[in-house]
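Student: Before I ask anything, here is the structure I am working with.
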Amino acid sequence: MAKDLALSAEKNINASRKILESIYRLSKKHQTRAFLVGGPVRDLCRSKPKNLRSIQDLDIAVENHHAEIGQELAQKLRARIIRYAQFMTLTLHLPDQTHLDIAQTRKETYARPAILPKVEPAAINEDLYRRDFTINAMAMEITKNRPYLMLDPFFGQRDLKQKLIRVLHKKSFIDDPTRIFRSVRFATRFNFEIEKQTRSLLKTAVKNNYLRLLSAERVLYELQMIMPEPKSKAILKKLQKSGIIKNLYGTNLPIKFFSEHGLLPAEKKLTHFFAYLPYAKWLKYPLKKEIAQSAQAIQQFAEPRRKLAKANKPSHVYKTLKLMPGPALEILSQIEPKPIKNKIKLYLGKYSKVKIFTTGKTLQSLGFAPGKNFSQILQTLLYSKLDGKIKNKNDEKKYLKNIRT
Ligand code: CTP
């Protein structure tokens, strides 16, 4: 295992080096400058300096010809390109599952708070100034020689050392309130503090309801970014403590939510989160149907829970749970008290897989008149099989013979 990791780390270094060399050559060819920007620069500075080991996904900005450079690089790397013309950005999806963004350096203007900005080409310094926090506003010019030239006009390296999340200007949270989520996410991920003035700007932005101006899509995106974080629970606790949850959803998450959250795999955390918040507040979120239905099913679990507590036969458990969405059951099987949890687990692992041999066609061939009672008969057979009264095909035949005569 350790050997595999070492090998793949080594491969990453070489892969990143080769890509950066190609980018350098292309930038020369197109007579522009190219930069490594944002997250990767921050992560490189945090880990071993001048070491490309920690970079997973590259974030590149060029001052001109981003489309041509992206196209030529994609050909060289056999990458699939997705173009975001409106944002002057390309994403290259590489065969090794990593991705690389190539963007035109730009400045942004916000017509109104909380809407997406208008972007226009600009030089690297303006591009850094449009960014969220000092630690994310650094760039490394990709040159022939390493170490690369560092651009750090807002003292991001100082803030990395002092472990601080700091905005670049006073309007940052107003222009883009998603940064409220981002500040808490980065602070928690890196174990940093939100710098004092930034904290006060954040509080004011929340108090003045700027979060509520964000579109449903953008809030959902931020929540989706939080759930896979290793410290997602601490992030959500801090969001609650800062009044952000209450501001958006009109209520706080109960203590129970946080202990349950820790029991769930990342892909179930969002569903579980919505299960604790009023439906009316997230109904407009563009959620997958399965997530919305599961969150609602968990909200309405009081009645099925009562029935399950009394259920003393497999068929009773089956009847109670058969209409519930799978993801809701998987979540409940982790967070419910033991007796209920065990019954849900039995349903998921055993009862829901029980099948009978008889079908509608069998009933027809045996001369049963088609109609409503078909499903009744099939259901009775299934319940009898679940409860052990019927064990095999022969038992089914016998049962059918009995009810026909
Ligand atoms: N950015 C910003 N404001 C936002 C979103 C992004 O200024 N609301 C800038 C930051 O400079 C950030 C970069 O765009 O570093 C890339 O954004 P993203 O990929 O979301 O963040 P990363 O910093 O790469 O973080 P992660 O480690 O979570 O990928």
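The values are calculated or read from the model by the stated rules, or taken from the named source; none is laboratory data. Small disclaimer: the values here were computed from a predicted structure and weren't measured. Note: ideal-geometry Cβ built from the backbone for every residue, glycine included; neighbour counts use all protein chains shown. Areas reflect the complete protein model, heavy atoms only, side chains present, ligands, DNA and RNA absent. Shrake-Rupley method; radii C 1.70, N 1.55, O 1.52, S 1.80 Å.
Student: Search the structure for amide H atoms under 5 Å from the amide H of residue 149, placed 1.01 Å from N in the peptide plane, and list their residues when 5 or more places away or on another chain.
Tutor: It is 141, 143, by chain and number.
Student: Just need the relative contact order of the chain here, percent rounded to a whole number, with Cα pairs under 8 Å and 6+ apart.
Tutor: 9
Student: Quote the charge dipole size of segment 265-353 about the Cα centre in Debye, to the nearest 20; the model charges only the Cβ of Lys and Arg (+1) and of Asp and Glu (-1).
Tutor: The dipole of segment 265-353 has a size of about 320 debye.
Student: Still on this model: Could you work out how much longer the chain between residue 281 and residue 21 gets when fully extended? Use 0.36 nm per residue separation minus the Cα distance between them, nm to one decimal.
Tutor: 88.7 nm
Student: Between residue 312 and residue 193, what FRET efficiency comes out of the Förster formula 1/(1 + (r/R0)^6) with R0 = 56 Å and r the beta carbon distance, rounded to 0.05?
Tutor: 0.55
Student: Right, something else. Which value, to two decimals, describes the C-alpha radius of gyration of segment 93-187 once divided by 2.2 N^0.38 Å?
Tutor: In units of the 2.2 N^0.38 Å rule of thumb, it is 1.20.
Student: State log₁₀ I(q)/I(0) for the chain at q = 0.10, 0.12 Å⁻¹ as given by the Debye formula over alpha-carbon point scatterers of equal weight, solvent excluded.
Tutor: -0.82, -1.02
Student: If you stretched the chain out fully between residue 402 and residue 378, how much longer would it get, using 0.36 nm times the residue separation minus the C-alpha to C-alpha distance?
Tutor: 7.2 nm
Student: By how many degrees, 0 to 90 and rounded to 10, does the Cα axis of helix 178-190 deviate from the longest principal axis of the chain?
Tutor: Between the helix axis and the principal axis of the chain, the angle is about 90 degrees.
Student: If you plug each phi of segment 115-130 into the Karplus form 6.51 cos²θ - 1.76 cosθ + 1.60 with θ = phi - 60°, what whole-Hz ³J(HN,Hα) values come out, in order, with x for Gly and Pro?
Tutor: Once θ is set to phi - 60°, the couplings for segment 115-130 become 9, 5, x, 7, 10, 9, x, 7, 7, 4, 4, 5, 4, 6, 5, 7 Hz.
Student: Beyond 15 Å, what share of the Cα-Cα pairs of segment 360-404 is found? Please give it as a whole percent.
Tutor: 38
Student: So if each residue of separation counts as 0.36 nm, and I subtract the Cα-Cα distance between residue 122 and residue 263, what length gain in nm does that give?
Tutor: Length gained, residue 122 through residue 263: 46.1 nm.
Student: Here is a further query. Work out the FRET efficiency for residue 334 and residue 43 from their Cβ-Cβ distance, taking R0 = 41 Å, and round it to the nearest 0.05.
Tutor: Once rounded, the FRET efficiency stands at 0.80.
Student: Pairs of Cα atoms under 8 Å, at least six residues apart: use those to get the relative contact order of segment 312-405, whole percent.
Tutor: Normalised by residue count, the contact order of segment 312-405 is 31 percent.
Student: If you don't mind, there's one more thing I want to ask. In what sequence, largest accessible area first, do 294, 365 appear using a 1.4 Å probe?
Tutor: Heavy-atom accessible area, descending, gives 365, 294.
Student: Gap in Å between the Cα centre of segment 182-215 and the Cα centre of segment 137-153?
Tutor: Spelled out, the Cα-based centre of one part sits 29 Å from the other.
Student: Let me ask another. Mind running the shape call on segment 164-252? Use the C-alpha gyration tensor, a ≥ b ≥ c as the square roots of the eigenvalues: rounded below 1.5 for a/c, prolate if a/b tops b/c, oblate otherwise.
Tutor: Here segment 164-252 falls in the rounded category.
Student: Protein chains only, probe 1.4 Å: how do 142, 115 rank by accessible area, largest first?
Tutor: 115, 142
Student: How far apart, in nm, are the 7 Å Cα→Cβ label points at residue 146 and residue 354?
Tutor: Reported label-point gap for residue 146 and residue 354 is 6.2 nm.
Student: Another question, then. Express in whole angstrom the spacing between the alpha-carbon centres of segment 358-405 and segment 223-261.
Tutor: 50
Student: Among 333, 384, 242, which one shows the biggest mean-square fluctuation in a GNM of the chain, springs joining Cα atoms closer than 10 Å?
Tutor: Checking each option, the largest mean-square fluctuation is seen for 384.
Student: Now, a different point. I'd like the FRET efficiency for residue 80 and residue 57, computed as 1/(1 + (r/R0)^6) with the beta carbon distance as r and R0 of 25 Å, rounded to 0.05.
Tutor: E(calc), rounded to 0.05, equals 0.95.
Student: Just flag the trypsin sites (Lys or Arg not before Pro) in segment 279-317 sitting in loop per DSSP whose Cβ has no more than 13 other Cβ atoms within 10 Å.
Tutor: Answer in residue order: 284, 288.
Student: Between 244, 213, 177, whose Cα lies farthest towards the positive end of the dipole of segment 164-252 when Lys and Arg beta carbons carry +1 and Asp and Glu beta carbons carry -1, centred on the Cα centre?
Tutor: 244
Student: Helix 2-29 against the longest principal axis of the chain: what's the angle in degrees, Cα atoms only, rounded to the nearest 10?
Tutor: 50
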